[in-house]
């Protein structure tokens, strides 16, 4: 994977910090034009200067992060759009900063209002660009997985990205009626993350739901060891076992699989409901 720059991992934090400062700064500058709230003028100046500085840091951190992201197939154009709008935003707020500094210089002649009007007007345009930058950044992250799993460059994060992709694509395939494709994806996840009990349970469930193979599901469930302190996973294991037994015509065994766990967790409504569905009382 291409190297990340030193500020790459900080990009989300810096970006949101800059956005908050700039939005509030522009709003305060607009309010200050009314002359009714004296504190809004100095507050707008401080926030706009800080926000512009933060936008420069955001650009630097984005540049440090963009290398691996733009190599994701289909993501390059989104990266370019995001960077272009980010550049517009930075430049506009540099002009806002100049207007604010000009206002300080004009204060001795009491003509700072002209600079403040210029700052407010440029700031509003800057907020529009900021919105477009955020839209493209959000699309890059949530539609193209840009930065997801690779922000820190840690292999385990990349593994979680792969797992999430396999899981959600399997859900899409299952919903679309492509059961075998869904089962193959879950199998790949189970092979790749063989030591994870939760993923092995997912694979057993896929045998039952996607391949309608209760025998294979029971075999897979029998090989899974769930830690005794993992109540949620134990409940899921028992309920999947009950479903597989019921699907193979062993309703008595299905009830027995749940009865012991129900005695241990009598307040668990999911187990109780499943037990009653199987004819238990």
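The values are calculated or read from the model by the stated rules, or taken from the named source; none is laboratory data. All figures in this text were calculated on a predicted structure; none of them were measured in a lab. Quick reminder, even Gly has a Cβ in these numbers, built from the backbone with ideal geometry, and neighbours come from all protein chains shown.
Assuming residue 216 fulfils every condition listed in (1) surrounded by fewer than 18 Cβ atoms within 10 Å (Cβ to Cβ); (2) assigned to a helix (DSSP H, G or I); (3) modelled with pLDDT under 90 apart from one, which condition is it?
(3)
Just to check your reading of the model, which residue among 7, 21 is farther than 21 Å from residue 147 by Cα and surrounded by 14 or more Cβ atoms within 10 Å (Cβ to Cβ)? Break it down stepwise before answering.
Details: 7 fails: farther than 21 Å from residue 147 by Cα.
Every option except 21 fails the conditions.
So which residues in the stretch 215-235 are free of Cβ contacts under 8 Å to residues at least 12 places away in the same chain and within 32 Å of the chain's Cα centre (by Cα), if there are any at all?
Selection gives 228, 229, 232.
Among the residues in the stretch 196-208, are any loosely packed, with under 13 Cβ neighbours inside 10 Å and in the same structural domain as residue 172 (by TED's automatic domain parsing)? Give the derivation first.
As a first pass, look at the stretch 196-208 and keep what is loosely packed, with under 13 Cβ neighbours inside 10 Å: none.
For the stretch 196-208, residues loosely packed, with under 13 Cβ neighbours inside 10 Å and in the same structural domain as residue 172 (by TED's automatic domain parsing): absent.
Applying the selection to the stretch 70-91, what residues are surrounded by 15 or more Cβ atoms within 10 Å (Cβ to Cβ), part of a helix (DSSP H, G or I) and out of contact with any helix residue (DSSP H, G or I) (no Cβ under 6 Å at 6 or more places or on another chain)?
83 - this is the single residue of the stretch 70-91 that is surrounded by 15 or more Cβ atoms within 10 Å (Cβ to Cβ), part of a helix (DSSP H, G or I) and out of contact with any helix residue (DSSP H, G or I) (no Cβ under 6 Å at 6 or more places or on another chain).
Of the residues 101, 114, 94, 131, which is under 30 Å from residue 34 (Cβ atoms), outside any loop (DSSP other than H, G, I, E, B), in the same structural domain as residue 14 (by TED's automatic domain parsing) and under 24 Å from the mean Cα position of the chain (by Cα)?
Values: 101 fails: under 24 Å from the mean Cα position of the chain (by Cα); 114 fails: under 24 Å from the mean Cα position of the chain (by Cα); 94 fails: under 24 Å from the mean Cα position of the chain (by Cα).
Of the residues listed, the single one that is under 30 Å from residue 34 (Cβ atoms), outside any loop (DSSP other than H, G, I, E, B), in the same structural domain as residue 14 (by TED's automatic domain parsing) and under 24 Å from the mean Cα position of the chain (by Cα) is 131.
Take the residues in the stretch 167-190 that are touching a residue at least 24 places away in the same chain (Cβ under 8 Å) and touching a helix residue (DSSP H, G or I) at 6+ places or on another chain (Cβ under 6 Å); name whichever of them is surrounded by the fewest Cβ atoms within 10 Å (Cβ to Cβ).
174
Could you tell me whether the stretch 147-170 includes any residue that is under 25 Å from residue 55 (Cα atoms) and in a helix (DSSP H, G or I)?
So far as the stretch 147-170 goes, no, none of its residues is under 25 Å from residue 55 (Cα atoms) and in a helix (DSSP H, G or I).
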